[in-house]
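First the structure, in the form of structure tokens, and then the observations on it.
What follows draws every value from the coordinates through simple rules; no lab data is involved. Note that the structure is predicted; figures quoted are calculated from it, not measured. A quick note on method: Cβ atoms are made from the backbone with ideal geometry, for glycine too, and the neighbour counts reach across all protein chains shown.
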Amino acid sequence: MDLSNLKPAKGSVKTKKRLGRGEGSGSGGTATRGHKGQKSRSGYSTKRGFEGGQMPLQRRVPKFGFKNFNRVEYRGINLDVLQNLVDTKGLKAVDFAVLIENGLASKNDLVKILGRGELKAAVEVKAHAFSKSAKAAIEAAKGSAEVIESKKVSGEETEG
């Protein structure tokens, strides 16, 4: 067997029914569309969500809630992930560049260190934010937790 004699399984491929090709074909004339009306015409399509003139669902259901455009989204990284990073790479300091390098954050993210797991190594950690439990755990392991400023958080837009 090779590529030149490959064929689909018998009965798996059906030929498409050719509509509107004369009365002799058995599906000429109206081409299975019935008689007259909008749906029988060529180019027919309805709007998404159209329910035949009935008030559509997206208009029957009331609007609610709002989106806070001042919300600051952080990429959460837990202590157990940092400990794993320190164990595998043998790092003494973890900063934003190291997190990007190891695929834990992207360059546009704001990073917050969270308190899940435990940190055994004394590591100098630099991030945009820390939870209370994470900061306490880092300092208990004789490490340091340093907050770095970002353009998004401080509100300063610099050009360049």
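Fewest first, what order do Asp80, Asp87 take by the number of other Cβ atoms within 10 Å? Working shown, then result.
Working: Asp80 14, Asp87 11.
Ordered from fewest to most neighbouring Cβ atoms within 10 Å, Asp80, Asp87 come out as Asp87, Asp80.
Counting alpha carbon pairs within less than 8 Å and at least 6 residues apart, what relative contact order, in whole percent, applies to region 75-151? Working shown, then result.
Values: 134 pairs, mean separation 24.4, N = 77.
Relative CO of region 75-151 lands at 32 percent.
What fraction of the DSSP beta bridges in the chain is antiparallel, stated in percent and rounded to the nearest 5? Present the calculation step by step, with values, prior to reporting the outcome.
Values: 1 of 13 bridges.
Here the share of antiparallel DSSP bridges comes out near 10 percent.
Find the relative contact order for the chain and round it to a whole percent, using C-alpha pairs within less than 8 Å whose residues are 6+ positions apart. Each step should come with its number before you reach the end.
Working: 167 pairs, mean separation 22.4, N = 160.
The value is 14 percent.
Per-residue ellipticity at 222 nm for the chain, helices alone: DSSP H runs ≥ 4 residues times -39500 (n - 2.57), over residue total, nearest 500 deg cm²/dmol?
Numbers: 5 runs with 34 residues, N = 160.
Taking each H run of at least 4 residues, the total per residue is -5000 deg cm²/dmol.
Based on the mean of other Cβ atoms within 10 Å per residue, sort peptides 62-68, 72-78 so the most packed one is first. Provide the component values of the computation, followed by the final result.
Working: 62-68: 5.3, 72-78: 15.0.
So the order, starting with the most tightly packed, is 72-78, 62-68.
Give, in nm to one decimal, the length gained when the segment between Lys92 and Arg71 is fully stretched (0.36 nm per residue of separation minus the Cα-Cα distance). Mind showing how you got there, number by number?
Working: separation 21, 0.36 × 21 = 7.56 nm, distance 3.26 nm.
In short, 4.3 nm is gained.
Going by Cα centres, region 109-124 and region 1-60 are how many Å apart?
57
Would you grab the residues whose amide H sits under 5 Å from the one on Val94? Only those 5+ places off in sequence or on another chain, please, with H modelled 1.01 Å from N.
Answer set, sorted by chain and number: Glu124, Val125, Lys126.
Select from Gly20, Thr46, Val86 the residue farthest towards the positive end of the dipole of the chain; place +1 on Cβ of Lys and Arg, -1 on Cβ of Asp and Glu, and compute about the Cα centre.
Looking along the dipole axis, the top candidate is Gly20.
Give me Lys14, Lys39 ranked fewest to most by other Cβ atoms within 10 Å of their Cβ, as a rough exposure proxy. Walk me through the intermediate numbers first.
Numbers: Lys14 6, Lys39 10.
Result, fewest neighbours first: Lys14, Lys39.
Taking neighbour counts of Cβ atoms within 10 Å as a proxy for exposure, in what order, fewest first, do Leu82, Leu119, Leu3 appear? Before the final figure, lay out the partial values.
Numbers: Leu82 27, Leu119 22, Leu3 5.
Fewest-to-most Cβ neighbours within 10 Å comes out as Leu3, Leu119, Leu82.
Between their Cα atoms, which of Lys36/Lys63; Lys63/Lys135; Lys10/Lys36; Lys10/Lys47; Lys16/Lys47 are more than 29 Å away from each other? Let's see the in-between values first.
Details: Lys36/Lys63 39 Å; Lys63/Lys135 40 Å; Lys10/Lys36 39 Å; Lys10/Lys47 40 Å; Lys16/Lys47 27 Å.
Too far apart for the 29 Å limit: Lys36/Lys63; Lys63/Lys135; Lys10/Lys36; Lys10/Lys47.
Give me the dipole magnitude in Debye, nearest 20, for the chain about the Cα centre, with unit charges on the beta carbon: positive for Lys and Arg, negative for Asp and Glu. Don't skip to the end; give the middle numbers.
On the way: 31 positive and 17 negative charges, 402 e Å.
Approximately 1920 debye in magnitude.
Based on the Kirkwood radius over alpha-carbon pairs, what is the Stokes-Einstein translational diffusion coefficient of region 75-151 at 37 °C with 0.692 mPa s viscosity, in µm²/s? Could you put the intermediate results ahead of the total?
Numbers: Rh = 12.0 Å.
Result for D is 273 µm²/s.
Could you tell me the convex hull volume per residue, in Å³, taken over the Cα atoms of the chain? Can you show the working numbers first?
Details: hull volume 61.0 nm³, N = 160.
In the chain, the Cα hull volume divided by residue count equals 381 Å³.
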